[in-house]
1. Considering only residues that are farther than 30 Å from I155 by Cβ and modelled with pLDDT under 85, which ones fall in region 68-85?
2. Within region 89-107, take every residue that is touching a Lys or Arg at 6+ places or on another chain (Cβ under 8 Å) and of a type outside the set (A, V, I, L, M) and give me the one that is least open to solvent (accessible area, probe 1.4 Å).
3. For region 65-88, which positions are more than 16 Å from F142 (Cα to Cα) and either part of a loop (DSSP other than H, G, I, E, B) or open to solvent by 90 Å² or more (accessible area, probe 1.4 Å) (or both)?
4. Name the single residue that is farthest from Q102 (Cα to Cα) among those in region 115-143 being acidic (D, E), touching a residue at least 12 places away in the same chain (Cβ under 8 Å) and assigned to a strand (DSSP E or B).
5. Mind listing whichever residues of region 108-133 are open to solvent by 80 Å² or more (accessible area, probe 1.4 Å) and either more than 20 Å from D153 (Cβ to Cβ) or in contact with a Ser or Thr (Cβ under 8 Å, 6 or more places away or on another chain) (or both)?
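The values are calculated or read from the model by the stated rules, or taken from the named source; none is laboratory data. Values in this document were obtained by computation on a predicted structure and should not be read as measured data. Using ideal geometry, Cβ is built from the backbone for each residue, glycine included, and neighbour counts are taken over all protein chains shown. Calculation scope for accessible area: heavy atoms of the full protein, side chains included, ligands and nucleic acids excluded. Shrake-Rupley method; radii C 1.70, N 1.55, O 1.52, S 1.80 Å.
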Amino acid sequence: MVTIVKYISAMLLGSLLLVSCNSNPSLQEYLVDKQEDDAFVKVDLATSLLYAEEDKLTVAQKDVLKTVKKINVVAYPLKGDDAEFTLERKKLQEILSQEKYQTLTEMKHKGWSLSVKYMGEDDAIDEMIVFGSDKEKGFAVFRLIGENMKPEDMIRMLETMDKDNVNLSALKGLEGLF
């Protein structure tokens, strides 16, 4: 009897482990894998380094920045006709098409296809992802990690980044891509 209970317990535990294992790669796993790949440009920065003149930001913009803790950027600058570019872009698109990444918006801007996705609750985002791709320049993934970020605030913050107050030296290595 004890052997049967042990056998059933082992089977249940094994089944739970198989069910709980997720074979879908996460964005974080992808970004970590690319840290040592020289074909990619990597930048990790605090949001405080992103704005050249933080004193020119409004109180609302400063409040939004306080909800963002860190930004990870991984970019693949295209160097000619690159089959690896197509493969890596497809991997990212598959990762970001997973159900856990909810689409906030998609748009085109200056030749770039942009997709903005997030993880978390609709009114309290924990992670926001901006994936941009250009067939002539390459692609980039911006991963904003924070607490209780609000979608409308994140869109406003992205809009402010289009202005002159962004510190581009903080994104060293990415200037040719944009």
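1. Start the filter on region 68-85 by keeping residues that are farther than 30 Å from I155 by Cβ, which leaves 79-84.
Listed by number, the residues that qualify are K79, G80, D81, D82.
2. Initial filter on region 89-107 (touching a Lys or Arg at 6+ places or on another chain (Cβ under 8 Å)): 96, 101-104.
Restricting the remaining residues to those that are of a type outside the set (A, V, I, L, M) gives 101-103.
Working: Y101: 13, Q102: 69, T103: 72 Å².
Within region 89-107, the match that is least open to solvent (accessible area, probe 1.4 Å) is Y101.
3. K66, L78, K79, G80, D81, D82
4. Here is the first cut: in region 115-143, the residues acidic (D, E) are 121-123, 126-127, 134, 136.
Adding the requirement that they be touching a residue at least 12 places away in the same chain (Cβ under 8 Å) leaves 122-123, 126-127, 134, 136.
Next, only the ones that are assigned to a strand (DSSP E or B) stay: 126-127, 134.
Details: D126: 12, E127: 10, D134: 22 Å.
Among those that are acidic (D, E), touching a residue at least 12 places away in the same chain (Cβ under 8 Å) and assigned to a strand (DSSP E or B), it is D134.
5. Narrowing region 108-133 to residues open to solvent by 80 Å² or more (accessible area, probe 1.4 Å): 108, 110, 121-123.
Selection gives K108, K110.
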